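Read the structure below first, then the notes.
Just so it is clear, none of the values below were taken in a lab; they were calculated from the coordinates. Remember, it's a predicted structure, so these values are computed and weren't measured experimentally. In this analysis, Cβ positions are derived from the backbone assuming ideal geometry, glycine residues included, and neighbour counts consider all displayed protein chains.
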Amino acid sequence: MTLFDEVKKSYYETLGVAKNAEEAEIKRAYFSLVRQYQPDRFPEEFKKIRAAYETLMDREKRSEYDAIGNLPNSVVPLYREAQWFDRLGRRSKAAEFYEMILKGHPELDKVREQYARSLSADSKTGKAVEVWEELCRRHPDKSHYARELGNSYLERGWNKKALTETQRALALDPFSTDTWSSLITCTIAVLNVGQESWDELKKLSRKALETVRNVKTDEWKKIHLHTCAFVTTGLKETGEARKHLREIIRLAREGGRYGQEEGRHAFKEILAAVPGEALGTHYPGLKELADLVSGADDKKTRAKFDDIELSFQIEGLAAKGFHEIFQDLFKALNAGYEEEGDELTILSMEYLILDDKPAFDPQLRRLKGEFPQLYALHSSFFNEVLRTRNPEKMLYQRAKKINRYKREAGIVDEEDESGPEQPVHRAQPKVGRNDPCPCGSGKKYKHCCGA
């Protein structure tokens, strides 16, 4: 049995539920009927019940079924073709079939809606505006038509007209989460970026969340409202921002595939809009959100989040007992030599690590095990430090590079350049492999830090 085989009795009638029944009600009706019509005794009846249940419990199948159920039999094949091209992403072809249907049946507003959406997806926004305007003229009391017209105006760049139409949609249905989201989007497009507009958006997002707080249908749609609230709370309201982030995570987790998609959009919007220092403040929650929605689906966004993750780890090194030199070193490395003098700074810190190798060896091993991402930023140097038995040679090489860099940068005075570069001697005596380890473990150096 396919979605279109049930003609005499609708799926709603089969389960004995209303057309606006929620998922919980559909589920209760299904299990009640299954107890009455067991599959081994009533196989045909059970198949019908199961087909109805599987269709009405899936949002996309239910939406398609509702649309098909109200169409004349003569246009169902054309409508199915249009839907098929829509799924393939061939919006222009889908629009052709919708237009063919409307020529014979101009009264089918459901088809007209999908025609307008296909036109928008095919970048034919001017034609889409005309279709939505026609629907609004026919049904001036329908909120979702006004909202869609506002969205079409926005696509055309008519921001003020979009805002006015969306406000009209909200007046018709003040409890629509979709319309509140559209209103925020239109408001962002109209307002100039500044503290006053930021405050207005914050108030608007708070008002939206307060209004739709008790609306339970498709709660995942509230993710966008929480995202706007999170972005606009600012650095001074971290407590409130965390609450919004927790709600985004909860709704993304409970919303299934739709929640996952909205959560991914929220993740991108947050990374694009929130300053880096605020992202660091909310790093644990952002990491949970990133893991939940499988991270970002583009390399640039993923790279930005990786930078935030590294910055967060760098800031936490001191609390873990690592020498402050590691924090300075990784900050310079993570900057990617963007600032003048970064290379000299890195060379100088390498020199200091080599000059006290026995003391830094244990910390390097800890770093490798506890912070592999940070260790990887400079792994070639760290590995060489841990392996070498001749740190004096590495010290001499760094000293030469430092002096050369200073000369090229004009930092060294002429009198300092007259003599040849001299090898660098260690400030501390060399530790033999059979000597006691300087870390104080009581073991020989070769069995401890020198292993």
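Decide, for the range 88-312, between rounded, prolate and oblate: order the square roots of the alpha carbon gyration tensor eigenvalues as a ≥ b ≥ c, take rounded if a/c falls under 1.5, and otherwise choose prolate if a/b is larger than b/c, else oblate.
Since a/c reaches 1.5 and a/b is larger than b/c, the shape of the range 88-312 is classed as prolate.
How large is ³J(HN,Hα), in whole Hz, for each residue of the range 87-98 in order, when computed from phi with the Karplus curve 6.51 cos²θ - 1.76 cosθ + 1.60 and θ = phi - 60°, using x for Gly and Pro?
Along the range 87-98, the couplings run 5, 6, x, 8, 5, 4, 5, 4, 4, 4, 5, 4 Hz.
Please sort 100-111, 249-260 by packing, taking for each peptide the average over its residues of neighbouring beta carbons within 10 angstrom, highest first.
The packing order, highest mean first, is 249-260, 100-111.
From the phi angles alone, apply the Karplus equation (6.51, -1.76, 1.60; θ = phi - 60°) to the range 351-365 and give each ³J(HN,Hα) in whole Hz, x where the residue is Gly or Pro.
Working through the residues one at a time gives 4, 5, 5, 5, 5, 10, 3, x, 6, 8, 4, x, 5, 5, 5 Hz.
How large is Rg over Rh for the range 1-127, taking Rg from the Cα atoms and Rh as the Kirkwood inverse mean of 1/r across Cα pairs?
That ratio is 1.06, to two decimals.
Of TYR37, SER63, TYR53, whose Cα points farthest to the positive end of the dipole of the range 22-71 (charges on the beta-carbon: +1 Lys, Arg; -1 Asp, Glu; origin at the Cα centre)?
TYR37
Counting Lys and Arg as +1 and Asp and Glu as -1, what is the net charge of the other residues whose Cβ lies under 9 Å from the Cβ of THR227?
Here the count lands on -2.
What does the charge count near LYS207 come to, summing +1 for each Lys or Arg and -1 for each Asp or Glu among other residues with Cβ under 14 Å from its Cβ?
+2
Tell me, what HN-Hα J-couplings in whole Hz come from the Karplus equation 6.51 cos²θ - 1.76 cosθ + 1.60 at θ = phi - 60° for each residue of the range 374-384, using x for Gly and Pro?
5, 4, 5, 4, 9, 4, 4, 5, 4, 5, 5
By per-residue mean of other Cβ atoms within 10 Å, what is the highest-first order of 88-96, 144-152, 388-396?
Answer by packing, highest mean first, reads 144-152, 88-96, 388-396.
Using the per-residue mean of other Cβ atoms lying within 10 Å as a proxy for protection, in what order, highest first, do the peptides 74-85, 261-272, 279-290 fall?
261-272, 279-290, 74-85
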